[in-house]
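Down below is the structure, laid out as structure tokens.
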Amino acid sequence: MKKISILIPVYNEKKSLMEILKKVEDVDFGLEKEIILIDDCSTDGTKELYKEISHKVLYHEKNQGKGAALRTGIEAASGDIIIIQDADLEYNPQDYTKLVDLIKTNEADVVYGSRLANKDNSQKFLLLSYLANQTLSFMTRVLYNTKLTDMETCYKAFRADIIKNITIDSNRFDFEPEITAKILRQNIRFRECPISYNARTNEQGKKINWKDGVQAIFTLIKYRFFA
């Protein structure tokens with residue numbers, strides 16, 4: 001393992017993008033680092049910030065969703081390990097080293113950062129979000145016979161050859177249950193690590209909503225029984 005690719009899907013994150021990007025730049029993975037931003041047709045002035053950024057930026061001509069942005073980023077990534085970072089400040093990039101180390105030392109092929117495995121986070125979730133995440137993770141455990149604790153987490157790290165060989169159909173937030181289902185259905189070494197979390201509100205720019213939760217349920221069922 002020589003190189004890591006950090007994929008940052010971006011949609012209207014003018015307020016937080018530069019701060020989170022600096023945090024990602026400061027993380028020492030002990031690997032060559034490639035940062036790829038995928039702008040999903042931002043309209044709030046985020047695009048003006050790219051003039052100050054030296055990293056690769058890919059553009060969507062129309063808004064398609066997080067899944068579509070990640071599909072674009074995964075195709076362009078050249079690292080041996082690929083990780084996902086949202087463009088907000090809910091997650092701490094310093095937590096990523098725990099996930100990446102498990103892949104570097106050949107202990108896992110895919111590692112999720114679990115917010116729900118860290119009891120310190122229980123008061124940092126919005127109540128409805130906490131209940132929804134617990135419900136979706138419980139459904140994942142039942143449907144896929146796994147001990148996974150946090151299916152919807154953003155923090156996911158993959159060996160590049162694993163994620164590049166999985167076809168991703170979802171365009172929106174249903175990327176999370178789809179990729180989880182497809183990993184759990186294969187003989188892929190999977191681990192989780194507790195991570196920190198600090199939820200933002202809808203007023204602060206949170207984009208996922210109850211409709212995405214309903215879609216996640218259908219996606220979990222779809223890939224368990226029908227796909």
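Things worth noting here:
- Selection count where residues are crowded, with 17+ Cβ neighbours inside 10 Å, more than 21 Å from Lys66 (Cβ to Cβ) and among the polar types (S, T, N, Q), scope the stretch 102-140: 2
- Some residue of the stretch 70-83 being over 18 Å from Asn171 (Cβ atoms), of a type in the set (S, T, N, Q) and either open to solvent by less than 60 Å² (accessible area, probe 1.4 Å) or modelled with pLDDT under 95 (or both): no
- Filtered by the rule that a residue be buried (at least 20 other Cβ atoms within 10 Å of the Cβ) and among the hydrophobic types (A, V, I, L, M, F, W, C), the stretch 84-99 gives Ile84, Ala87, Leu99.
- Among (1) closer than 17 Å to Ala69 by Cα; (2) more than 15 Å from the chain's Cα centre (by Cα); (3) open to solvent by less than 50 Å² (accessible area, probe 1.4 Å), the one test that Pro177 misses: (2)
- Failed criterion for Leu7 (all others in (1) touching an Asp or Glu at 6+ places or on another chain (Cβ under 8 Å); (2) closer than 21 Å to Arg172 by Cα hold): (1)
- Being at pLDDT 95 or above, open to solvent by less than 10 Å² (accessible area, probe 1.4 Å), among the acidic types (Asp, Glu) and touching a helix residue (DSSP H, G or I) at 6+ places or on another chain (Cβ under 9 Å) is a description that does not apply to Asp26.
- Qualifying positions in the stretch 141-151 - buried (at least 17 other Cβ atoms within 10 Å of the Cβ) and closer than 14 Å to Leu116 by Cα: Leu148, Thr149, Asp150, Met151
- Scanning the stretch 29-66 for residues that are surrounded by 15 or more Cβ atoms within 10 Å (Cβ to Cβ) and polar (S, T, N, Q), we see that the one that is nearest to Phe173 (Cα to Cα) is Gln64.
The values are calculated or read from the model by the stated rules, or taken from the named source; none is laboratory data. Computed from a prediction, not measured in an experiment: that's the story for all the values here. Because the Cβ atoms are built from the backbone with ideal geometry, glycine has one as well, and the counts that use them run over all protein chains shown. Only protein heavy atoms, including side chains, enter the accessible area calculation; ligands, DNA and RNA are left aside. Shrake-Rupley method; radii C 1.70, N 1.55, O 1.52, S 1.80 Å.
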